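A short worksheet on the structure shown next.
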Ligand code: WT7
């Protein structure tokens, strides 16, 4: 705890405490200090076709106060919308918790004693209510002309077949199932199938390498791995099954761990069966086993606090954290946030471009929308294939009303030019969303003016894997927007801006973003590592959940997220820890030591800049650089590859040997003239050496 606090404090105490513009020492181009270039406030006229759920800040404030003053009544009422096999205990508060390490172990419980099933609530409930024929998923493939439509009944039958298969392979409540698939309808179906029988799904983004997959498999020991033969992303073909095989081999070599069942969906759009690498006995073709399964399957009634899924995310150091969410709280929070944040209305066509490999794809592709009986679009491909108009072509094709994406995608499309947008009508759009990283003002205005034609509110939603669902966001038409601000906390979310001593600040201020009390969607633990959970979130500032983000609160009470204040880098909305990348670099024979920092990046938001010190005798070369980059791709994934490798004779260190990242950040960002106080350097000559060795870019 102490070490971590010191890291946080070192950001604050180094003459780099400029709280506005710079995000706590991590220079970040899109850091969203209030932007003055156009009107401060943006008010989007009401669409006469809809009455939004929340129509004023007063209405919101009343509901917000209720949610804080009497959470049992507030959440209890919202939870009534779902089917509970057995009601929660009403003789005790709806939520019990401890956020204070001094008072004992950290825990959070909601809806104790209640029994439910999230798959039942997302599928069966709607089918039983006569909505079986309503489209649930509208799938669009990587290449134009490939699409599929699944109704709620289709989805239920398909999900049941997968559940039956898992049951037949002896998967029971509490067992883990690893899902490593591209964005095809089978992915959310596999998640729901696990949830139905109480198996804990661990979805691994299909962009992760064999190595990264192996680490995640070895951490949670799944009974089954569900994957796909191959898939296309843009014009690239990815042989997913080959990666799975390599990964399972690593598991065997390393810890003698093997699985009995690997279920492989044959993706005929990308590969031939006979070309797929195969291990008889272990591997089964999806198409050989799933269609024969019964279309009705039993349900496991789950206690509210039983685990639903785990999802790995980067911490500031070390190996990824297996964030665990539980059934009851996550169900209610994901559904309620979806309903309010996207002002979900009957007839809406919702499209969130996130991949199910990330939390956004869990909460706003799968669970949130389906729990609300929404119709959603799923797209397998990328924004710029076959051209930068693809998203808008899909919007027109399915008459998408609500479109949710990440700033990095917005910036990519902005850079491709307006003509790709204007080629398509986008008339159906009524609401736009942004998630995953701070949205800079230029991208915000482009999204608003060009994509939304000034008639769609933008909900800039702030949250984290650990929070389960949206925590800070405008509610559309509820109050004026400010470009770059996520505005106000969602119901039940008690934000606190805390100073470096852990004291809460009031009014307009800047500091560490913390959360004071429990909300239903908070992660309950890290898989088999509750100590690390307490360490990561509750020990920095006692009594608070620490988000790891810095923020600013303005005079209107609006929140402006300034970015991470720990050693986490956000590349295109993907969380990567400096430690993860450094450990790959350090493992190279030729690398003596390394340090990784974030640099601003036009499209990705942040990029990775790596300083590497070579061992005696090794010489820098293009070839060496290529092999370093390749290792990062191999060990983590392509998205984690550094933009720059800077071969340096040494790293700036304090007398106690700690690397002074602040100096490295400045050098990486080209701010050599403003290196700040260098008096704590053990050897100040090293700075000149680093500057002299800087590669030209
Ligand atoms: C981190 C969490 C939110 C789900 C997807 C990412 C950054 C997220 C915003 C936003 C500014 C944002 C934060 C946060 N972040 N949304 N609207 N404005 N920053 O989940 O991978 O767990 O990353 O993403 O730094 O801590 P994640």
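Can you tell me which residues in segment 278-309 are assigned to a loop (DSSP other than H, G, I, E, B) and touching a strand residue (DSSP E or B) at 6+ places or on another chain (Cβ under 9 Å)? So that I can check it myself, show each step before the final result.
Filtering segment 278-309 for residues assigned to a loop (DSSP other than H, G, I, E, B) gives 278-282, 290-301, 304-306.
Within segment 278-309, 278, 279, 282, 290, 301, 304, 305, 306 meet the criteria.
Kindly evaluate residue 537 against the criterion of being under 25 Å from residue 443 (Cα atoms) and within 12 Å of the ligand (Cβ to nearest atom).
no
Being assigned to a loop (DSSP other than H, G, I, E, B) and in contact with a helix residue (DSSP H, G or I) (Cβ under 9 Å, 6 or more places away or on another chain) is the filter here, so list the residues in segment 484-495 that pass it.
484, 488, 490, 491, 492, 493, 494
Name the residue, out of 343, 348, that is on the phi > 0 side of the Ramachandran plot, more than 14 Å from the ligand (Cβ to nearest atom) and at pLDDT 95 or above.
Criteria check complete, one pass: 343.
Taking the residues in segment 523-534 that are assigned to a loop (DSSP other than H, G, I, E, B) and more than 18 Å from the chain's Cα centre (by Cα) as candidates, determine which candidate is farthest from the ligand (Cβ to nearest atom).
For segment 523-534, the residue satisfying everything is 528.
Just to be sure before I move on: is residue 368 part of a helix (DSSP H, G or I), touching a helix residue (DSSP H, G or I) at 6+ places or on another chain (Cβ under 6 Å) and closer than 18 Å to residue 188 by Cα in the structure I sent?
Values: part of a helix (DSSP H, G or I): yes; touching a helix residue (DSSP H, G or I) at 6+ places or on another chain (Cβ under 6 Å): yes; closer than 18 Å to residue 188 by Cα: yes.
Criteria met by residue 368.
Looking at 623, 582, can you tell me which residue is touching a strand residue (DSSP E or B) at 6+ places or on another chain (Cβ under 8 Å) and within 30 Å of residue 242 (Cα to Cα)?
Step by step, each of 623, 582 is checked, and only 582 is touching a strand residue (DSSP E or B) at 6+ places or on another chain (Cβ under 8 Å) and within 30 Å of residue 242 (Cα to Cα).
Considering only segment 507-517, state which residues are within 26 Å of residue 573 (Cβ to Cβ) and more than 16 Å from the ligand (Cβ to nearest atom).
Passing the criteria: none in range.
When residues of segment 550-567 are filtered for being within 12 Å of the ligand (Cβ to nearest atom) and either at pLDDT below 85 or in a strand (DSSP E or B) (or both), how many remain?
9
Would it be correct to say that residue 357 is in a loop (DSSP other than H, G, I, E, B), within 16 Å of the ligand (Cβ to nearest atom) and modelled with pLDDT under 95?
Taking the combined requirement at face value, the residue does not satisfy it.
Yes/no matrix, rows are residues, columns are (1) over 20 Å from residue 450 (Cβ atoms); (2) more than 18 Å from the chain's Cα centre (by Cα):
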{"position": "360", "(1), (2)": "yes, no"}
{"position": "369", "(1), (2)": "yes, no"}
{"position": "376", "(1), (2)": "yes, yes"}
{"position": "393", "(1), (2)": "no, yes"}
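Return the residues of segment 324-354 that are out of contact with any strand residue (DSSP E or B) (no Cβ under 6 Å at 6 or more places or on another chain), in a loop (DSSP other than H, G, I, E, B) and in contact (Cβ under 8 Å) with a residue 40 or more places away in the chain; say none if nothing qualifies.
Within segment 324-354, 343, 344, 345, 347, 354 qualify.
For segment 388-483, give me every one of the helices (runs of 4 or more DSSP H) that falls completely inside it and has 1 or more residues that are within 12 Å of the ligand (Cβ to nearest atom), farther than 20 Å from residue 376 by Cα and in contact with a strand residue (DSSP E or B) (Cβ under 9 Å, 6 or more places away or on another chain).
Correct list: 407-416, 441-446.
Determine whether segment 325-337 contains at least one residue that is within 16 Å of the ligand (Cβ to nearest atom) and either in contact with a helix residue (DSSP H, G or I) (Cβ under 6 Å, 6 or more places away or on another chain) or at pLDDT below 95 (or both).
Yes; the residues of segment 325-337 include at least one that is within 16 Å of the ligand (Cβ to nearest atom) and either in contact with a helix residue (DSSP H, G or I) (Cβ under 6 Å, 6 or more places away or on another chain) or at pLDDT below 95 (or both).
The values are calculated or read from the model by the stated rules, or taken from the named source; none is laboratory data. This structure is a prediction, so every number in the text was calculated from the model and none was measured. Please note: Cβ atoms are built from the backbone with ideal geometry, for glycine as well, and neighbour counts cover all protein chains shown.
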